[in-house]
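The values are calculated or read from the model by the stated rules, or taken from the named source; none is laboratory data. It should be emphasised that the depicted structure is a prediction, and the values quoted were computed from it without experimental measurement. Here Cβ is always computed from backbone atoms with ideal geometry, including for glycine, and neighbour counts include all displayed protein chains.
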Amino acid sequence: MNEKSLMLPEHKALLKQWAVSQYDISMPTLDEDQLQDINLIITRCLEEKCIVEVIYYESKRFKSVWGRILRCDLHAGNLMLENSDSDRISIPLQFIKDIHLQ
């Protein structure tokens, strides 16, 4: 006997949404030491034009991008990077989780 479960399309959509949300990550809160380390790396890379990896929070996930820091606008709250394809990427400072030198 072949049994099929009956499910309303709305229930299928909710179930799919729930399954995807299981991988959601909360935005982290950085302590003073972490913020100071990030600040030091940004300052150094602005002076020396280093390549960095920036790990940041976006859409309930962590994302990573490599590039050279072009500027850090404290007034607007953005970090501007240029990646290897010469694309410019703007990352809100409040969403930066970590920065690593290459």
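Observations, loosely collected:
- Any chance Gln34 is in a helix (DSSP H, G or I) and touching an Asp or Glu at 6+ places or on another chain (Cβ under 9 Å): yes
- From the options Leu101, Leu74, residue that is of a type outside the set (Asp, Glu), in contact (Cβ under 8 Å) with a residue 60 or more places away in the chain and either surrounded by fewer than 12 Cβ atoms within 10 Å (Cβ to Cβ) or touching a His at 6+ places or on another chain (Cβ under 8 Å) (or both): Leu101
- Look at region 79-96: where a residue is surrounded by fewer than 14 Cβ atoms within 10 Å (Cβ to Cβ) and a partner is among the acidic types (Asp, Glu), sitting 6+ places away or on another chain with Cβ atoms under 6 Å, you get Arg88/Glu82.
- Looking only at region 83-102, and only at residues there that are closer than 14 Å to Glu53 by Cβ and assigned to a strand (DSSP E or B), the one that is modelled with the lowest pLDDT: Leu101
- The single condition among (1) outside any loop (DSSP other than H, G, I, E, B); (2) at pLDDT below 90; (3) in contact with a strand residue (DSSP E or B) (Cβ under 6 Å, 6 or more places away or on another chain) that Met27 does not satisfy is (1).
- Whichever residue in region 57-71 is within 14 Å of Asp98 (Cα to Cα) and in contact with a Lys or Arg (Cβ under 7 Å, 6 or more places away or on another chain) and, among such residues, is surrounded by the most Cβ atoms within 10 Å (Cβ to Cβ): Tyr57
- Within this structure, Leu74 passes the test of being at pLDDT 85 or above, hydrophobic (A, V, I, L, M, F, W, C), out of contact with any strand residue (DSSP E or B) (no Cβ under 7 Å at 6 or more places or on another chain) and closer than 15 Å to Gln94 by Cα.
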